[in-house]
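Worksheet for the structure shown next.
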Amino acid sequence: MLLIPCPYCGARTENEFAYGGEAHKVRPEHPEEVSDEAWADYLFLQKNTNGTYYERWVHAHGCRRWFNLVRDTLTNQVHGAYKIEEEPPKVDETTYV
Amino acid sequence: MKARYSIFSLARNALSYHENWQQAWHSPEPKKSYDAVIVGGGGHGLVTAYYLAKEHGMRNIAVIERGWLGGGNTGRNTTIVRSNYMWDQSAALYEHALKLWENMTRELNFNVMFSQRSVLNLAHTQNEVRITKRRIHSNRLNGIDSTWLDPEDVKREVPIIDLRGGGRYPVLGGSIQRRAGTARHDAVAWGYARACSEMGVDIIQQCAVEGFDIEGGQVTGVRTSKGQIKTNKVGLVVAGHCGVLANMAGFKLPVNSRPLQALVSEPVKPIIHNVVMAGAVHAYISQSDKGELVIGAGTDAYNGYSQWGSNPVTEDTLAAICELYPLFRRMRMLRQWGGVVDTCPDASPIIGLSPVKGIYLNCGWGTGGFKATPGSGHIFADTVANNRPHPIAAPFALDRFRTGFLIDEHAAAGVAH
Ligand SMILES: Cc1cc2nc3c(=O)[nH]c(=O)nc-3n(C[C@H](O)[C@H](O)[C@H](O)COP(=O)(O)OP(=O)(O)OC[C@H]3O[C@@H](n4cnc5c(N)ncnc54)[C@H](O)[C@@H]3O)c2cc1C
Ligand SMILES: [Zn+2]
């Protein structure tokens, strides 16, 4: 069970939250103008990192606000949460084979 | 030449207390170069190597596994084998595999304990009833056996079930595929490894692939923990780690890797003789030959590589099992574990070419690739050998995420297939 530090409510158990996948993906400004490759990239392709991962979460059964989390996907260590408009905290990034 | 396994070899070896069995496969050091390297010693990788050697005359090849054979999802899954998927493309793929399962033990001279004990897919909501019936029609048009069961029929097949589902999960019916069933997962890996080794395929364990050599868009070698190996063809068959290897080769995949978990109970006398799946409540159950209940749960809600799985998922599944089978409330669970599954947006696999010449992809099987093991390896070997997709593989190309021709099998897949 993860303890997730919602930036608005504090630490809560993972089943209060829903997952939003990779963070910092920018939706193309004019979807009708981008190539199929660029759209597929935005829509489907994932970094899917084994290690330090920046990801979106929503506190679905709490304040219902979206925020970002930095977590190690192998060890499940949570490095910290930050608001959508904030810069990610500085962490020593790790990746595994 | 390997000695054949038979009742006589069993009796003969009993006389020497089973201490003189031949090793089933060799464990050589890697050579400097190969005609093809298969990365990943799970079922799909081993079957690929088997058919490359057997049908395409490629014997100077290697399977490279970073842990032990079958130590990935092959040895962690709940071994459900069926072919009742909805779309024509999937029907062709999974039914091709099911036909190969039916002859696997004989072909390999290795008992994979394939048991066609039938698989039920329960429907708990009106919506599930509709989609299940639609799928049955679709299956039958594709020549796949599939039958609707009313609640009383379900009760006849599974006498211990509570059709009221404790009031929470009423059973409104379901489908049954009688040719479907289970198999012994380790035996599949070991049987193909033995057959590969006999044809001269090098099986290299405890050797991780850590990078690729790529020149002008063409792969020329792999870098491993046991040194550099030259090759112009690489098959990536690493399931949950496909994203990690794609990153090494410089491209991304439409895959999220997540732990999927399973549990087994203490062994009891025979109590449930088929496989019963309940997609809506994420609970699957069968009984192993040792008597353990084998229970499949759901995937974690978030990405992960931990091979463990989170507690809320275990609890939800066991709660549903207890509602559907009240007499299991006093069972004790012996073991729980997870495997890292490579989930795709349309719940269908990716088989075919990659953005790098000479690197071929076989991944995205997610929660349900065990059933496809022999068919997947068969068509993938053909794809690797001929540098173009096998006709059954063609619709499953990576490119479908650009063209939009997705093959949505979420309903057939359940959560775990
Ligand atoms: C709990 C659970 C239950 C499941 N239940 C079912 C079911 O009932 N029916 C069904 O059809 N499917 C089921 N599945 C899915 C099924 O197990 C998989 O889709 C299938 O086994 C994948 O086989 P594979 O050979 O592709 O992968 P794997 O068996 O995972 O093999 C991949 C191998 O690649 C190796 N590898 C990874 N990275 C590297 C590297 N860098 N270098 C070298 N080697 C590497 C790994 O160690 C691993 O052994 C289940 C999965 C899980 C986890
Ligand atoms: Zn909150």
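The values are calculated or read from the model by the stated rules, or taken from the named source; none is laboratory data. This is a predicted model, so every value here is computed, not measured. In this analysis, Cβ positions are derived from the backbone assuming ideal geometry, glycine residues included, and neighbour counts consider all displayed protein chains. When the accessible area is computed, the model is the full protein with side chains, heavy atoms only, and any ligands, DNA or RNA have been set aside. Shrake-Rupley method; radii C 1.70, N 1.55, O 1.52, S 1.80 Å.
Of the accessible area of chain B, with the probe set at 1.4 angstrom, what percent is carbon plus sulfur?
53 percent
Just from its helices, what would the mean residue ellipticity at 222 nm be for chain A, if runs of 4 or more DSSP H residues each count -39500 (n - 2.57) and the sum is divided by every residue, rounded to the nearest 500 deg cm²/dmol?
-2000 deg cm²/dmol
Taking Cα pairs under 8 Å and at least six residues apart, what relative contact order does segment B:135-209 come out at, in percent?
Reported relative contact order: 26 percent.
Output the lone cysteines of chain A: those with no second cysteine's C-beta under 4.7 Å from their C-beta.
A:C63
If one takes the accessible area of chain A alone plus chain B alone and subtracts that of the pair, with a 1.4 Å probe, what total in Å², rounded to the nearest 100, results?
In total, this chain pair buries about 2200 Å².
Can you give me the relative contact order of segment A:3-83 as a percent, contacts being Cα pairs under 8 Å and 6 or more apart?
Relative contact order here is 31 percent.
In peptide A:47-54, how many Cβ atoms from other protein chains are near each Cβ within 10 Å, on average?
Taking the mean over all residues of the peptide, I get 6.
Give the long-range amide H neighbours of A:C6: residues separated by 5 or more places, or on another chain, with amide H under 5 Å away, using H modelled in the peptide plane at 1.01 Å from N.
Those lying under 5 Å, H to H, from A:C6 are A:A11, A:R12.
Measure out, as a whole number of angstrom, how far apart the alpha-carbon centroids of segment B:248-266 and segment B:81-102 sit.
22 Å
Between B:G173 and residues 5 or more places away or on another chain, which pairs have amide H atoms under 5 Å apart, with H built 1.01 Å from N, and which residues are they?
Sorted by chain and number, the residues that satisfy this are B:A123.
With just the Cα atoms of segment B:269-352, tell me how far they stretch along each of the three principal axes, in Å, largest first.
44, 27, 24
Which value, in Å², gives the accessible area per residue of segment A:3-83 when a 1.4 Å probe is used on the protein heavy atoms?
Normalised by residue count, the accessible surface of segment A:3-83 is 51 Å².
When the distances between all Cα atoms of chain B are binned every 20 Å from zero, what whole-number percent does each bin get?
Distribution as computed: 27, 57, 16, 0 percent.
Can you list the residues in segment A:4-46 whose accessible area drops by at least 10 Å² when all protein chains are present, compared with the chain alone? Use a 1.4 Å probe, heavy atoms only.
Buried on complex formation: A:E14, A:N15, A:Y19, A:D36, A:E37, A:A40, A:D41, A:F44, A:L45, A:Q46.
Can you work out ³J(HN,Hα) from phi for every residue in segment B:206-222, in order, using Karplus 6.51 cos²θ - 1.76 cosθ + 1.60 and θ = phi - 60°, giving whole Hz and x for Gly and Pro?
Here the 3J(HN,Hα) series is 6, 9, 8, 7, 10, x, 10, 9, 10, 10, x, x, 10, 6, 10, x, 10 Hz.
Against the longest principal axis of chain B, how steep is helix B:373-386, in degrees 0 to 90 to the nearest 10, with axes from Cα atoms?
For helix B:373-386, the angle is close to 30 degrees.
In whole percent, how big is the carbon plus sulfur part of the accessible area of segment A:3-83, probe 1.4 Å, protein atoms only?
Carbon and sulfur atoms account for 48 percent of the accessible area of segment A:3-83.
List, by residue number, every residue in segment B:372-404 with a reduction of 50 Å² or greater in accessible area between the chain on its own and the complete protein assembly, 1.4 Å probe.
B:F401, B:R402
When you take every Cα atom in segment B:141-196, what is the radius of gyration, and what is Dmax, the widest Cα pair distance, in Å?
Cα only, segment B:141-196: 17.2, 52 Å (Rg, Dmax).
If I take every Cα pair under 8 Å that is 6 or more residues apart in chain B, average their sequence separation and divide by the length, what percent do I get for the relative contact order?
In percent, rounded to a whole number, it is 22.
What does the helix-only formula give at 222 nm for chain B: each DSSP H stretch with n ≥ 4 adding -39500 (n - 2.57), the total divided by the residues, and the result rounded to the nearest 500 deg cm²/dmol?
Result for chain B: -9000 deg cm²/dmol, rounded to the nearest 500.
Go through chain B and flag any cysteine with no other cysteine's C-beta closer than 4.7 Å, please.
Lacking a cysteine Cβ partner under 4.7 Å: B:C196, B:C207, B:C322, B:C344.
What's the ranking of B:93-105, B:374-386 by average number of surrounding C-beta atoms within 10 Å, highest first?
Highest to lowest by the protection proxy: B:374-386, B:93-105.
With 32 Å as the limit, write out which pairs from B:K99/B:K155; B:K31/B:K54; A:K90/B:K233; B:K233/B:K371; A:K25/B:K31 have Cα-Cα distances beyond it, or answer none.
With Cα atoms farther than 32 Å apart: A:K90/B:K233; A:K25/B:K31.
To the nearest whole number, what is the average tally of beta carbon atoms from other chains within 10 Å of the beta carbons of peptide B:3-14?
For peptide B:3-14, the averaged partner shielding equals 0.
For B:Q287, what residues show an amide H to amide H distance below 5 Å, using hydrogens built from the backbone and excluding near sequence neighbours?
Correct list: B:V294.
I'd like the mean, over residues of B:300-311, of how many other protein chain beta carbons sit within 10 Å of each residue's own Cβ.
6
Ignoring ligands and nucleic acids, what accessible area does A:W39 show with a 1.4 Å probe (Å², nearest 10)?
A:W39 exposes around 70 Å² with every protein chain in place.
Tell me, what ³J(HN,Hα) does each residue in segment B:171-179 have, in order and in whole Hz, if you take phi through Karplus 6.51 cos²θ - 1.76 cosθ + 1.60 with θ = phi - 60° and put x for Gly and Pro?
Residue by residue, segment B:171-179 yields 8, 9, x, x, 10, 9, 10, 6, 7 Hz.
Heavy atoms only, 1.4 Å probe, whole protein assembly: order B:H124, A:H24 by accessible area, highest first.
Largest accessible area first, the list is A:H24, B:H124.
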